[in-house]
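Comments concern the structure below.
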Amino acid sequence: MKAVLILATLFVFISMLLNAARRKGKLNEDANRAVAGLASSMRIFVYGLLFFVAIVCVAVAWQSLKAGA
């Protein structure tokens, strides 16, 4: 899990750097499209990771409630 969180943090950091370069106009048209696609992929990965963590938290809470009853 630690590796996944580190990977997600790196994705966000790299995405911020690439978007900054894209906004400043330092990239050509092909690179702009590639950065936009990469940012979308990273965003989907991070949202999926958050969804997975939420499901795990709900499952753990359910098990703890079930065990306490």
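Check whether at least one residue in the range 9-27 is in a loop (DSSP other than H, G, I, E, B) and open to solvent by 100 Å² or more (accessible area, probe 1.4 Å), and report yes or no. Yes: the range 9-27 contains one or more residues that are in a loop (DSSP other than H, G, I, E, B) and open to solvent by 100 Å² or more (accessible area, probe 1.4 Å). In the range 1-29, the residues that are on the phi < 0 side of the Ramachandran plot and charged (D, E, K, R) form Cβ pairs under 8 Å with partners that are assigned to a helix (DSSP H, G or I) and open to solvent by less than 60 Å² (accessible area, probe 1.4 Å), at six or more places apart or across chains, as follows: 22/31; 22/32; 22/35; 22/36.
So for the range 46-58 (the condition being surrounded by 12 or more Cβ atoms within 10 Å (Cβ to Cβ) and of a type in the set (Ser, Thr, Tyr)), does at least one residue qualify? Scanning the range 46-58, I find no residue that is surrounded by 12 or more Cβ atoms within 10 Å (Cβ to Cβ) and of a type in the set (Ser, Thr, Tyr), so the answer is no. Among residues of the range 42-69 that are under 20 Å from residue 11 (Cβ atoms), those with a beta-carbon under 7 Å from a residue that is of a type in the set (Val, Ile, Thr) at least six positions away or on a different chain give the pairs 46/12; 49/4.
The values are calculated or read from the model by the stated rules, or taken from the named source; none is laboratory data. Predicted, not measured: the structure shown is a model, and the values here were computed from it. Cβ atoms come from the backbone with ideal geometry, glycine included; neighbour counts cover every protein chain shown. What goes into the accessible areas is simple: the full protein's heavy atoms, side chains included, and nothing from ligands, DNA or RNA. Shrake-Rupley method; radii C 1.70, N 1.55, O 1.52, S 1.80 Å.
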